[in-house]
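Student: Before I ask anything, here is the structure I am working with.
The values are calculated or read from the model by the stated rules, or taken from the named source; none is laboratory data. These figures come from a predicted structure and were not determined experimentally. Here the Cβ positions follow ideal geometry from the backbone for every residue, glycine too, while neighbour counts run over all protein chains shown.
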């Protein structure tokens, strides 16, 4: 059996696609999320491919994070790869019109959640003098776009934390990497637009967006390199997207 991989936000989008892909590549999996029924479905769907366990908790709640990770059985305590994938966007408003509840959700999930999970797992990696942390960022952490303010700020923080982790953990032989996707067609826009399915569909209309499996395959490539290779930072766009603000659609509209 292969290495053990811990994935946050595993019940949808990139996290789910990565779990499905890695299960078939013989990785042992610890799959985490808030939605119990989706975790149960993953257990049923992937249990025949690999050895896996699920943990239900909210990355925003520090006590839940540490309690869940502490509850891991002995045969799952050696986490070789941590994929900090949990994250989302809430709203698309100017800074003066932004909803502070949306701001809290983005900072709590995208930044503090990543920190809590990393804090709980890193000591075990340090003890073994080995490990790999992959942080899923966004092109929004490289370039700000109109009305992206707090979401962009949260992903700029992920970018900074990724670089800081690599510096701080270098003495302990721990690899650290970030993958920054552009437009990926998942539940992301539906969450951002608070269930407005039609508006979410328009975000992906008129061009071919990245799919979750595209990022899953890239994650696999990154974590499967020989141990002396650390792919530090990857930005991934769909061909139609040139930047956070330039997206060529079939009707010649530039978004």
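Student: Would you tally the residues in the stretch 62-82 being assigned to a loop (DSSP other than H, G, I, E, B) and within 30 Å of residue 106 (Cβ to Cβ)?
Tutor: Total meeting the criteria: 4.
Student: With respect to residue 130, determine if the residue is at pLDDT 95 or above, surrounded by fewer than 17 Cβ atoms within 10 Å (Cβ to Cβ) and more than 17 Å from residue 171 (Cα to Cα).
Tutor: So residue 130 fails the test.
Student: Being part of a helix (DSSP H, G or I) and within 17 Å of the chain's Cα centre (by Cα) narrows it down to one residue among 117, 59; which is it?
Tutor: Exactly one of 117, 59 is part of a helix (DSSP H, G or I) and within 17 Å of the chain's Cα centre (by Cα), namely 117.
Student: Okay, next question. Pairs please, first residue from the stretch 217-232 and surrounded by 12 or more Cβ atoms within 10 Å (Cβ to Cβ), second anywhere and modelled with pLDDT under 95, Cβ atoms under 7 Å, 6+ apart in sequence or on different chains.
Tutor: none
Student: Those residues that are touching a helix residue (DSSP H, G or I) at 6+ places or on another chain (Cβ under 8 Å) and more than 21 Å from residue 88 (Cβ to Cβ), I need them from the stretch 22-48; list them, please.
Tutor: 22, 23, 25, 28, 29, 45, 46, listed by residue number.
Student: Of all residues in the stretch 140-153, how many are assigned to a helix (DSSP H, G or I) and either closer than 24 Å to residue 168 by Cα or touching a helix residue (DSSP H, G or I) at 6+ places or on another chain (Cβ under 7 Å) (or both)?
Tutor: 6
Student: Just to verify a result, which residue in the stretch 164-183, among those that are in a helix (DSSP H, G or I) and touching a residue at least 12 places away in the same chain (Cβ under 8 Å), is surrounded by the most Cβ atoms within 10 Å (Cβ to Cβ)?
Tutor: 165
Student: Separate question: Please give the number of the condition residue 245 fails out of (1) part of a helix (DSSP H, G or I); (2) out of contact with any helix residue (DSSP H, G or I) (no Cβ under 8 Å at 6 or more places or on another chain); (3) in contact (Cβ under 8 Å) with a residue 40 or more places away in the chain.
Tutor: (1)
Student: Among the residues of the stretch 133-163, what is the count of those that are surrounded by fewer than 16 Cβ atoms within 10 Å (Cβ to Cβ) and within 28 Å of residue 78 (Cα to Cα)?
Tutor: 2
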